[in-house]
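**Q** Below: one structure in C-alpha coordinates.
The values are calculated or read from the model by the stated rules, or taken from the named source; none is laboratory data. This is a predicted model, so every value here is computed, not measured. Cβ sites come from the backbone with ideal geometry, for glycine too, and all protein chains shown count toward neighbours. The accessibility values were calculated without ligands, DNA or RNA, using every heavy atom of the protein model including side chains. Shrake-Rupley method; radii C 1.70, N 1.55, O 1.52, S 1.80 Å.
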Amino acid sequence: MDPNELNLLSGDPLPEELPDTNLLRPQTFDQYVGQGEVIESLKVAIQAALLRQEAMDHVLLHGPPGLGKTTLASLIARALGVPFLSSSGPALEKGGDLVGILTRVSPGTLLFIDEIHRLPRPVEEILYSAMEDFSIDVIFDRGSSARTFRHRISPFTLVGATTRAGLLSAPLRDRFGIQRDLEFYTPEDLSLILLRSAGLLDVDLTQEGSLEIGRRSRGTPRIANRLLKRVRDFVQVHAHGEITQELARQALRLEGIDDRGLNRIDRKFIETVRTVYNGGPVGIEAMAATLQMDPDTLIDVVEPYLLKEGYLARTPSGRKLTSSGWGIDFELAGNPST
Ligand code: ADP
(Lines give C-alpha, C1' and ligand atoms only; values in the text may rest on other atoms or scores of the structure.)
Protein backbone atom coordinates (compact mmCIF):
# COMPACT_ATOMS: atom_id res chain seq x y z
CA MET A 1 0.00 0.00 0.00
CA ASP A 2 1.35 3.43 -0.94
CA PRO A 3 2.46 5.02 2.35
CA ASN A 4 1.33 8.41 1.08
CA GLU A 5 -2.16 7.08 0.55
CA LEU A 6 -2.25 5.57 4.00
CA ASN A 7 -0.97 8.80 5.44
CA LEU A 8 -3.88 10.72 4.02
CA LEU A 9 -6.34 8.22 5.35
CA SER A 10 -4.74 7.41 8.63
CA GLY A 11 -5.69 9.23 11.74
CA ASP A 12 -2.14 9.48 12.96
CA PRO A 13 -1.17 13.14 13.23
CA LEU A 14 1.60 14.38 10.95
CA PRO A 15 4.34 16.41 12.66
CA GLU A 16 2.68 19.72 11.75
CA GLU A 17 -0.58 18.43 13.22
CA LEU A 18 0.76 17.77 16.70
CA PRO A 19 -0.90 19.86 19.43
CA ASP A 20 1.97 22.34 19.84
CA THR A 21 2.40 23.08 16.16
CA ASN A 22 -1.11 22.65 14.82
CA LEU A 23 -2.36 26.02 13.72
CA LEU A 24 -5.74 24.62 12.72
CA ARG A 25 -6.70 23.05 16.05
CA PRO A 26 -9.63 24.89 17.64
CA GLN A 27 -8.62 26.93 20.66
CA THR A 28 -12.08 27.46 22.14
CA PHE A 29 -15.38 25.58 22.25
CA ASP A 30 -16.82 28.19 19.88
CA GLN A 31 -14.36 27.11 17.22
CA TYR A 32 -15.15 23.43 17.75
CA VAL A 33 -17.75 22.53 15.12
CA GLY A 34 -20.38 19.80 15.53
CA GLN A 35 -20.69 17.02 18.16
CA GLY A 36 -23.49 19.08 19.72
CA GLU A 37 -24.71 16.68 22.39
CA VAL A 38 -21.25 15.66 23.49
CA ILE A 39 -20.20 19.28 23.86
CA GLU A 40 -23.33 20.19 25.79
CA SER A 41 -22.91 17.44 28.34
CA LEU A 42 -19.20 18.19 28.73
CA LYS A 43 -19.93 21.87 29.32
CA VAL A 44 -22.30 20.92 32.15
CA ALA A 45 -19.64 18.70 33.72
CA ILE A 46 -17.04 21.49 33.38
CA GLN A 47 -19.36 24.04 34.94
CA ALA A 48 -20.21 21.71 37.83
CA ALA A 49 -16.54 20.97 38.51
CA LEU A 50 -15.76 24.69 38.53
CA LEU A 51 -18.63 25.39 40.93
CA ARG A 52 -17.58 22.62 43.30
CA GLN A 53 -13.90 23.46 42.82
CA GLU A 54 -13.19 19.79 42.35
CA ALA A 55 -11.41 17.78 39.66
CA MET A 56 -13.86 16.97 36.89
CA ASP A 57 -15.13 13.42 36.47
CA HIS A 58 -13.02 11.16 34.24
CA VAL A 59 -14.04 11.16 30.58
CA LEU A 60 -13.81 8.41 27.96
CA LEU A 61 -14.04 9.57 24.33
CA HIS A 62 -14.60 6.94 21.68
CA GLY A 63 -14.46 7.30 17.90
CA PRO A 64 -12.32 6.79 14.81
CA PRO A 65 -9.07 8.75 14.48
CA GLY A 66 -9.19 12.40 13.44
CA LEU A 67 -12.67 13.18 14.80
CA GLY A 68 -11.46 15.61 17.47
CA LYS A 69 -10.83 13.62 20.67
CA THR A 70 -7.46 15.19 21.47
CA THR A 71 -8.79 18.62 20.59
CA LEU A 72 -11.75 18.14 22.89
CA ALA A 73 -9.49 17.08 25.76
CA SER A 74 -7.35 20.18 25.36
CA LEU A 75 -10.46 22.38 25.25
CA ILE A 76 -11.75 20.84 28.49
CA ALA A 77 -8.41 21.63 30.18
CA ARG A 78 -8.55 25.20 28.93
CA ALA A 79 -12.13 25.67 30.12
CA LEU A 80 -11.23 24.26 33.54
CA GLY A 81 -8.09 26.41 33.65
CA VAL A 82 -5.90 23.39 34.49
CA PRO A 83 -2.63 22.07 33.04
CA PHE A 84 -2.92 19.65 30.09
CA LEU A 85 -0.67 16.61 30.02
CA SER A 86 -0.74 14.21 27.11
CA SER A 87 0.44 10.63 26.74
CA SER A 88 -0.68 7.45 25.03
CA GLY A 89 -1.29 3.79 25.79
CA PRO A 90 1.70 2.47 23.84
CA ALA A 91 4.03 5.15 25.32
CA LEU A 92 3.26 4.06 28.89
CA GLU A 93 5.11 0.79 28.68
CA LYS A 94 5.86 0.22 32.34
CA GLY A 95 4.07 0.94 35.58
CA GLY A 96 6.89 3.31 36.51
CA ASP A 97 6.13 5.51 33.49
CA LEU A 98 2.60 6.16 34.71
CA VAL A 99 3.55 6.42 38.40
CA GLY A 100 6.14 9.01 37.40
CA ILE A 101 3.46 11.12 35.75
CA LEU A 102 0.80 10.67 38.42
CA THR A 103 3.07 11.53 41.33
CA ARG A 104 4.13 14.78 39.69
CA VAL A 105 0.80 16.16 38.48
CA SER A 106 -0.35 19.40 40.05
CA PRO A 107 -3.88 19.45 41.52
CA GLY A 108 -6.67 19.38 38.93
CA THR A 109 -4.39 18.49 35.98
CA LEU A 110 -6.08 16.97 32.96
CA LEU A 111 -4.19 13.88 31.90
CA PHE A 112 -5.02 12.80 28.37
CA ILE A 113 -4.22 9.22 27.40
CA ASP A 114 -4.69 8.50 23.72
CA GLU A 115 -5.25 4.91 22.55
CA ILE A 116 -6.01 3.97 26.13
CA HIS A 117 -7.07 0.48 25.02
CA ARG A 118 -3.38 -0.20 24.31
CA LEU A 119 -2.22 0.33 27.89
CA PRO A 120 -0.43 -2.78 29.14
CA ARG A 121 -2.49 -4.52 31.83
CA PRO A 122 -0.08 -3.86 34.79
CA VAL A 123 -0.07 -0.15 33.90
CA GLU A 124 -3.83 -0.13 33.58
CA GLU A 125 -4.18 -1.64 37.05
CA ILE A 126 -2.35 1.33 38.56
CA LEU A 127 -5.04 3.56 37.11
CA TYR A 128 -7.84 1.83 39.05
CA SER A 129 -7.01 3.26 42.47
CA ALA A 130 -5.53 6.43 40.96
CA MET A 131 -8.83 7.20 39.26
CA GLU A 132 -11.03 6.09 42.12
CA ASP A 133 -9.38 7.55 45.21
CA PHE A 134 -6.36 9.44 43.89
CA SER A 135 -3.90 7.00 45.39
CA ILE A 136 -1.31 4.54 44.19
CA ASP A 137 -0.37 1.32 45.96
CA VAL A 138 3.38 0.88 46.07
CA ILE A 139 4.56 -2.64 46.93
CA PHE A 140 7.84 -3.19 48.80
CA ASP A 141 9.63 -6.54 48.96
CA ARG A 142 8.24 -9.75 47.62
CA GLY A 143 6.60 -12.90 48.92
CA SER A 144 5.67 -13.14 52.61
CA SER A 145 7.47 -9.93 53.58
CA ALA A 146 5.70 -7.86 50.92
CA ARG A 147 4.22 -4.63 52.27
CA THR A 148 1.97 -2.15 50.55
CA PHE A 149 2.25 1.57 50.99
CA ARG A 150 -0.61 3.76 49.84
CA HIS A 151 0.71 6.94 48.25
CA ARG A 152 -1.70 9.86 47.85
CA ILE A 153 -1.61 11.79 44.59
CA SER A 154 -3.20 15.09 43.59
CA PRO A 155 -6.76 14.93 42.29
CA PHE A 156 -6.70 14.87 38.49
CA THR A 157 -9.04 14.29 35.58
CA LEU A 158 -8.27 11.49 33.17
CA VAL A 159 -9.52 11.87 29.63
CA GLY A 160 -9.04 8.61 27.75
CA ALA A 161 -9.44 8.36 23.99
CA THR A 162 -10.00 5.14 22.14
CA THR A 163 -10.89 3.92 18.70
CA ARG A 164 -12.08 0.65 20.26
CA ALA A 165 -14.14 0.95 23.39
CA GLY A 166 -14.80 -2.80 23.18
CA LEU A 167 -11.17 -3.58 23.96
CA LEU A 168 -11.23 -1.71 27.27
CA SER A 169 -11.47 -3.94 30.32
CA ALA A 170 -14.69 -3.55 32.33
CA PRO A 171 -12.93 -2.28 35.51
CA LEU A 172 -11.25 0.50 33.56
CA ARG A 173 -14.35 1.44 31.56
CA ASP A 174 -16.48 1.57 34.70
CA ARG A 175 -14.22 4.17 36.27
CA PHE A 176 -15.07 6.77 33.65
CA GLY A 177 -18.03 8.79 34.91
CA ILE A 178 -18.58 10.32 31.48
CA GLN A 179 -18.44 8.19 28.33
CA ARG A 180 -19.17 9.65 24.92
CA ASP A 181 -19.04 8.50 21.29
CA LEU A 182 -17.92 11.03 18.69
CA GLU A 183 -19.82 10.93 15.39
CA PHE A 184 -18.61 11.40 11.84
CA TYR A 185 -19.18 15.00 10.68
CA THR A 186 -21.66 16.09 8.03
CA PRO A 187 -20.31 17.75 4.84
CA GLU A 188 -21.87 21.02 6.10
CA ASP A 189 -19.95 20.85 9.39
CA LEU A 190 -16.77 19.97 7.53
CA SER A 191 -17.38 22.91 5.24
CA LEU A 192 -17.45 25.22 8.28
CA ILE A 193 -14.21 23.71 9.57
CA LEU A 194 -12.61 24.09 6.14
CA LEU A 195 -13.64 27.73 5.75
CA ARG A 196 -12.06 28.50 9.13
CA SER A 197 -8.91 26.57 8.17
CA ALA A 198 -8.74 28.38 4.81
CA GLY A 199 -8.84 31.68 6.68
CA LEU A 200 -5.98 30.62 8.92
CA LEU A 201 -3.93 29.33 5.99
CA ASP A 202 -4.71 32.40 3.92
CA VAL A 203 -6.34 30.33 1.17
CA ASP A 204 -9.20 31.61 -0.98
CA LEU A 205 -11.91 28.96 -0.66
CA THR A 206 -15.46 29.33 -1.97
CA GLN A 207 -18.46 27.96 -0.09
CA GLU A 208 -19.08 25.39 -2.86
CA GLY A 209 -15.43 24.44 -2.89
CA SER A 210 -15.53 23.83 0.86
CA LEU A 211 -18.63 21.63 0.54
CA GLU A 212 -17.00 19.63 -2.23
CA ILE A 213 -13.95 18.93 -0.05
CA GLY A 214 -16.24 18.31 2.94
CA ARG A 215 -18.21 15.68 1.01
CA ARG A 216 -15.03 13.81 0.18
CA SER A 217 -13.37 13.82 3.59
CA ARG A 218 -14.85 10.61 5.07
CA GLY A 219 -16.67 12.68 7.69
CA THR A 220 -13.33 13.44 9.37
CA PRO A 221 -11.92 16.92 10.15
CA ARG A 222 -8.29 15.80 10.08
CA ILE A 223 -8.75 14.39 6.57
CA ALA A 224 -10.64 17.53 5.50
CA ASN A 225 -7.76 19.76 6.60
CA ARG A 226 -5.24 17.53 4.85
CA LEU A 227 -7.24 17.56 1.64
CA LEU A 228 -7.53 21.33 1.81
CA LYS A 229 -3.74 21.56 1.73
CA ARG A 230 -3.56 19.20 -1.26
CA VAL A 231 -6.22 21.18 -3.12
CA ARG A 232 -4.43 24.43 -2.27
CA ASP A 233 -1.24 23.06 -3.86
CA PHE A 234 -3.15 21.93 -6.95
CA VAL A 235 -4.82 25.28 -7.42
CA GLN A 236 -1.58 27.16 -6.88
CA VAL A 237 0.14 25.15 -9.60
CA HIS A 238 -2.70 24.81 -12.12
CA ALA A 239 -5.08 27.69 -11.75
CA HIS A 240 -3.98 30.53 -9.45
CA GLY A 241 -7.05 31.90 -7.76
CA GLU A 242 -9.82 30.76 -5.50
CA ILE A 243 -10.70 27.15 -4.81
CA THR A 244 -13.96 26.52 -6.65
CA GLN A 245 -16.08 23.39 -6.61
CA GLU A 246 -14.73 22.27 -9.97
CA LEU A 247 -11.09 22.79 -9.00
CA ALA A 248 -11.66 20.94 -5.72
CA ARG A 249 -13.20 18.05 -7.67
CA GLN A 250 -10.29 17.89 -10.10
CA ALA A 251 -7.68 18.07 -7.39
CA LEU A 252 -9.33 15.38 -5.30
CA ARG A 253 -9.70 13.02 -8.23
CA LEU A 254 -6.00 13.36 -8.68
CA GLU A 255 -5.68 12.29 -5.03
CA GLY A 256 -7.68 9.17 -5.89
CA ILE A 257 -10.88 10.30 -4.17
CA ASP A 258 -14.05 9.64 -6.13
CA ASP A 259 -17.37 11.50 -6.13
CA ARG A 260 -18.64 9.37 -3.26
CA GLY A 261 -15.68 10.36 -1.14
CA LEU A 262 -14.15 6.89 -1.31
CA ASN A 263 -10.40 6.65 -1.74
CA ARG A 264 -8.27 3.94 -3.30
CA ILE A 265 -8.07 1.88 -0.13
CA ASP A 266 -11.86 2.01 0.35
CA ARG A 267 -12.44 0.88 -3.20
CA LYS A 268 -9.84 -1.83 -2.96
CA PHE A 269 -11.51 -3.08 0.24
CA ILE A 270 -14.94 -3.23 -1.39
CA GLU A 271 -13.57 -4.74 -4.60
CA THR A 272 -11.76 -7.44 -2.62
CA VAL A 273 -14.85 -8.46 -0.63
CA ARG A 274 -16.77 -8.54 -3.89
CA THR A 275 -14.40 -10.39 -6.19
CA VAL A 276 -12.19 -12.46 -3.89
CA TYR A 277 -14.76 -13.31 -1.22
CA ASN A 278 -17.92 -13.20 -3.30
CA GLY A 279 -19.44 -10.47 -1.14
CA GLY A 280 -18.53 -12.09 2.17
CA PRO A 281 -18.86 -12.88 4.97
CA VAL A 282 -15.11 -12.61 5.36
CA GLY A 283 -13.00 -12.29 8.51
CA ILE A 284 -10.86 -9.21 9.02
CA GLU A 285 -7.65 -11.28 9.25
CA ALA A 286 -8.31 -12.78 5.81
CA MET A 287 -9.00 -9.29 4.40
CA ALA A 288 -5.83 -7.95 5.98
CA ALA A 289 -3.77 -10.78 4.48
CA THR A 290 -5.25 -10.27 1.02
CA LEU A 291 -4.81 -6.49 1.11
CA GLN A 292 -1.42 -6.81 2.81
CA MET A 293 -2.48 -4.35 5.47
CA ASP A 294 -2.48 -4.33 9.23
CA PRO A 295 -5.84 -5.64 10.56
CA ASP A 296 -5.91 -2.88 13.22
CA THR A 297 -5.71 -0.21 10.52
CA LEU A 298 -8.58 -1.84 8.68
CA ILE A 299 -10.69 -2.01 11.85
CA ASP A 300 -9.84 1.48 13.19
CA VAL A 301 -9.51 3.52 10.04
CA VAL A 302 -11.01 1.92 6.94
CA GLU A 303 -14.07 0.00 8.10
CA PRO A 304 -15.89 2.54 10.30
CA TYR A 305 -16.65 4.85 7.40
CA LEU A 306 -17.70 2.03 5.05
CA LEU A 307 -20.02 0.71 7.78
CA LYS A 308 -21.43 4.16 8.44
CA GLU A 309 -22.07 4.78 4.75
CA GLY A 310 -23.85 1.44 4.54
CA TYR A 311 -21.54 -0.27 2.03
CA LEU A 312 -20.53 -2.92 4.49
CA ALA A 313 -22.21 -4.82 7.32
CA ARG A 314 -20.64 -6.61 10.25
CA THR A 315 -22.11 -10.04 10.97
CA PRO A 316 -21.06 -12.68 13.53
CA SER A 317 -19.38 -14.61 10.74
CA GLY A 318 -17.51 -11.66 9.24
CA ARG A 319 -17.89 -8.60 7.00
CA LYS A 320 -20.45 -8.64 4.20
CA LEU A 321 -21.22 -6.25 1.38
CA THR A 322 -24.65 -4.67 1.59
CA SER A 323 -26.74 -4.09 -1.51
CA SER A 324 -25.22 -0.59 -1.84
CA GLY A 325 -21.77 -2.14 -1.51
CA TRP A 326 -22.64 -4.56 -4.32
CA GLY A 327 -24.25 -1.76 -6.30
CA ILE A 328 -21.24 0.53 -6.50
CA ASP A 329 -20.24 1.06 -10.08
CA PHE A 330 -16.71 2.33 -9.82
CA GLU A 331 -16.62 3.31 -13.49
CA LEU A 332 -19.61 5.64 -13.11
CA ALA A 333 -18.40 7.24 -9.90
CA GLY A 334 -16.00 9.60 -11.57
CA ASN A 335 -13.48 7.05 -10.54
CA PRO A 336 -9.88 8.07 -10.75
CA SER A 337 -7.45 5.21 -11.33
CA THR A 338 -8.20 2.48 -8.79
P1 ADP B 1 -8.35 12.62 17.35
O2 ADP B 1 -7.70 12.91 18.67
O3 ADP B 1 -9.78 12.16 17.47
O4 ADP B 1 -7.55 11.70 16.46
P5 ADP B 1 -7.82 15.44 16.82
O6 ADP B 1 -8.42 16.08 18.00
O7 ADP B 1 -6.33 15.32 16.81
O8 ADP B 1 -8.48 14.00 16.54
O9 ADP B 1 -8.33 16.24 15.54
C10 ADP B 1 -7.63 16.28 14.33
C11 ADP B 1 -7.64 17.66 13.72
O12 ADP B 1 -8.92 17.89 13.17
C13 ADP B 1 -7.43 18.77 14.76
O14 ADP B 1 -6.11 19.15 14.81
C15 ADP B 1 -8.28 19.91 14.22
O16 ADP B 1 -7.51 20.71 13.36
C17 ADP B 1 -9.37 19.21 13.46
N18 ADP B 1 -10.62 19.08 14.22
C19 ADP B 1 -11.06 17.98 14.89
N20 ADP B 1 -12.28 18.18 15.40
C21 ADP B 1 -12.65 19.42 15.05
C22 ADP B 1 -13.83 20.22 15.26
N23 ADP B 1 -14.88 19.71 15.92
N24 ADP B 1 -13.87 21.46 14.77
C25 ADP B 1 -12.82 21.96 14.08
N26 ADP B 1 -11.68 21.26 13.82
C27 ADP B 1 -11.59 20.02 14.30
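**Q** Kindly provide the set of residues from the stretch 64-88 that are more than 13 Å from GLY108 (Cβ to Cβ), out of contact with any Phe, Trp or Tyr (no Cβ under 8 Å at 6 or more places or on another chain) and not basic (Lys, Arg), ordered by number.
**A** Once the filter is applied, which keeps residues that are more than 13 Å from GLY108 (Cβ to Cβ), out of contact with any Phe, Trp or Tyr (no Cβ under 8 Å at 6 or more places or on another chain) and not basic (Lys, Arg), the stretch 64-88 yields PRO65, GLY66, SER88.
**Q** Could you please let me know if ALA45 is more than 16 Å from the ligand (Cβ to nearest atom), in contact with a strand residue (DSSP E or B) (Cβ under 8 Å, 6 or more places away or on another chain) and not hydroxyl-bearing (Ser, Thr, Tyr)?
**A** Yes; evaluated as a whole, the condition is true for this residue.
**Q** Only one of (1) open to solvent by less than 60 Å² (accessible area, probe 1.4 Å); (2) within 19 Å of ARG180 (Cβ to Cβ) fails for SER106. Which number is that?
**A** Result: SER106 passes all but (2).
**Q** To continue, here is another question. Which residue is nearest to the ligand (Cβ to nearest atom), if the candidates are limited to the stretch 60-88 and must be out of contact with any strand residue (DSSP E or B) (no Cβ under 8 Å at 6 or more places or on another chain) and among the small types (Gly, Ala, Ser)?
**A** Result: GLY68.
**Q** Checking ILE39 against (1) part of a loop (DSSP other than H, G, I, E, B); (2) at pLDDT 90 or above; (3) touching a helix residue (DSSP H, G or I) at 6+ places or on another chain (Cβ under 9 Å), which test does it fail?
**A** (1)
**Q** Given (1) open to solvent by less than 70 Å² (accessible area, probe 1.4 Å); (2) under 27 Å from the mean Cα position of the chain (by Cα), where does LEU167 come up short, assuming only one miss?
**A** (1)
**Q** Just for the stretch 141-161: of the residues that are of a type in the set (S, T, N, Q) and touching a residue at least 24 places away in the same chain (Cβ under 8 Å), which one is least open to solvent (accessible area, probe 1.4 Å)?
**A** Restricting to residues being of a type in the set (S, T, N, Q) and touching a residue at least 24 places away in the same chain (Cβ under 8 Å), the top hit is THR157.
**Q** In the stretch 124-140, what count of residues is obtained for those that are closer than 17 Å to ALA170 by Cβ and open to solvent by less than 30 Å² (accessible area, probe 1.4 Å)?
**A** Here the count works out to 4.
**Q** Still on this model: Please note which helices (runs of 4 or more DSSP H) are completely contained in the stretch 207-279 and include at least 1 residues that are acidic (Asp, Glu), in contact (Cβ under 8 Å) with a residue 40 or more places away in the chain and buried (at least 22 other Cβ atoms within 10 Å of the Cβ).
**A** Because the criterion is at least 1 residues that are acidic (Asp, Glu), in contact (Cβ under 8 Å) with a residue 40 or more places away in the chain and buried (at least 22 other Cβ atoms within 10 Å of the Cβ), the helices (runs of 4 or more DSSP H) in the stretch 207-279 that meet it are 207-215, 264-275.
**Q** Now for a different question. Select, from THR28, THR103, the only residue that is over 25 Å from ASP294 (Cβ atoms), of a type in the set (Ser, Thr, Tyr), at pLDDT 90 or above and not assigned by TED's automatic domain parsing to the domain that holds ILE136.
**A** THR28
**Q** For the stretch 178-200, how many residues are surrounded by 15 or more Cβ atoms within 10 Å (Cβ to Cβ) and either more than 19 Å from the chain's Cα centre (by Cα) or part of a helix (DSSP H, G or I) (or both)?
**A** Residues that pass the stated criteria total 11.
**Q** Let me ask something additional. In the stretch 191-228, how many are at pLDDT 95 or above, away from the ligand (no atom under 13 Å from the Cβ) and over 17 Å from ALA251 (Cα atoms)?
**A** The qualifying residues number 0.
**Q** Identify all residues within the stretch 40-91 that are over 30 Å from GLY214 (Cβ atoms) and among the basic types (Lys, Arg); write none if there are none.
**A** Result: ARG52, single match.
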